[in-house]
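A.B. asks: Can you keep this structure in mind? I'll have questions shortly.
Please treat every number below as a calculation from the coordinates, not as lab data. Remember, predicted model here, so these are calculated numbers, not experimental data. Note: ideal-geometry Cβ built from the backbone for every residue, glycine included; neighbour counts use all protein chains shown.
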Amino acid sequence: MKRKFAVLFLSVMLLFTGCSDNSEKNKIDAWICAQDFVERNLYSPVDAVFCLFEDADISSLGDNKYSISGWVESKDANGETEKTEFCVTLELTENGYRNAAASFERSEE
C-alpha cells in the first residue's frame with residue numbers, strides 16, 4: 001500500500017511540475033525500480049520505509065544506467081526494526097529494469 005501511494009504521489013508530482021525534462025523522469029523511474037529491487041532483498045518488505053526521493057542520491061551513469069543510494073528501515077528476522085543503507089546500480093528498460101546489483105550496510109544508531 002505504501003509503495004502504491006509513493007508511485008501515485010510521484011506520478012501526480014510529475015503532472016503538476018510539467019516535467020519536460022526526461023532525465024528527471026528517468027531518475028524517478030530509477031528510484032522506483034531501486035526500491036523494488038531492495039524490497040526483494042529484505043526479510044520483511046511489507047514493513048519497509050524508504051528515505052524520501054529528495055534524500056536519495058541518484059546519478060546517471062550513461063546508457064540508461066543509474067546508481068541509486070539511500071536508506072530503508074525494515075524488520076529483521078528477530079522483528080527488530082533496522083536501518084540499512086543501500087546502493088543499487090541498474091539499467092532502465094522500457095519494461096522496467098535489468099542487471100540490478102546492490103550493496104547493503106546496516107546503520108548503527
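A.B. asks: Go through region 23-60 residue by residue and tally those that are in contact with a Leu (Cβ under 9 Å, 6 or more places away or on another chain) and aliphatic (A, V, I, L, M). Spell out how you get there, then give the answer.
C.D. replies: From region 23-60, those in contact with a Leu (Cβ under 9 Å, 6 or more places away or on another chain) are 24-26, 28-34, 37, 48, 53; that's our starting set.
Cutting the leftovers down to aliphatic (A, V, I, L, M) gives us 28, 30, 32, 34, 48.
Qualifying residue count, region 23-60: 5.
A.B. asks: Can you name every residue in region 74-98 that is of a type in the set (A, V, I, L, M, F, W, C) and either farther than 15 Å from ASP29 by Cα or without any contact (Cβ under 8 Å) to a residue 24 or more places away in the chain (or both)?
C.D. replies: Matches in region 74-98: ALA77, PHE86, CYS87.
A.B. asks: Further question on the same structure: State whether one or more residues within region 42-57 are of a type in the set (Gly, Ala, Ser) and either in contact with an Asp or Glu (Cβ under 8 Å, 6 or more places away or on another chain) or surrounded by fewer than 11 Cβ atoms within 10 Å (Cβ to Cβ) (or both).
C.D. replies: yes
A.B. asks: Considering only region 37-59, state which residues are touching a residue at least 12 places away in the same chain (Cβ under 8 Å) and out of contact with any strand residue (DSSP E or B) (no Cβ under 6 Å at 6 or more places or on another chain).
C.D. replies: Filtering region 37-59 down to residues touching a residue at least 12 places away in the same chain (Cβ under 8 Å) leaves 37-39, 41-45, 47-51, 53, 55-58.
Listed by number, the residues that qualify are ASN41, TYR43, PRO45, PHE53, ASP55.
A.B. asks: Now a separate question. In region 28-41, which residue that is within 15 Å of CYS87 (Cβ to Cβ) and not hydrophobic (A, V, I, L, M, F, W, C) is surrounded by the fewest Cβ atoms within 10 Å (Cβ to Cβ)? Step through it out loud before you land on a result.
C.D. replies: First, pick out the residues of region 28-41 that are within 15 Å of CYS87 (Cβ to Cβ): 30-31, 33-35, 37-38, 41.
Now drop any that are not not hydrophobic (A, V, I, L, M, F, W, C), which leaves 35, 41.
Values: GLN35: 24, ASN41: 15.
Per the stated criteria, the residue is ASN41.
A.B. asks: Considering each residue of region 19-35, count those that are without any contact (Cβ under 8 Å) to a residue 12 or more places away in the chain and not polar (S, T, N, Q), and give that number.
C.D. replies: So the count comes out to 4.
A.B. asks: Look through region 62-77, keep the residues that are of a type in the set (S, T, N, Q) and assigned to a strand (DSSP E or B), and return whichever of them is surrounded by the most Cβ atoms within 10 Å (Cβ to Cβ). Before the answer, list the steps.
C.D. replies: Let us first name the residues in region 62-77 that are of a type in the set (S, T, N, Q), namely 64, 67, 69, 74.
Those left that are additionally assigned to a strand (DSSP E or B): 67, 69, 74.
Values: SER67: 15, SER69: 17, SER74: 21.
Taking the candidates together, the pick is SER74.
For every residue, the table says whether it meets (1) under 18 Å from LYS25 (Cβ atoms); (2) over 14 Å from the mean Cα position of the chain (by Cα); (3) of a type in the set (A, V, I, L, M, F, W, C).
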residue	(1), (2), (3)
PHE53	yes, no, yes
ASN64	yes, yes, no
SER67	yes, no, no
VAL72	no, no, yes
ALA100	no, no, yes
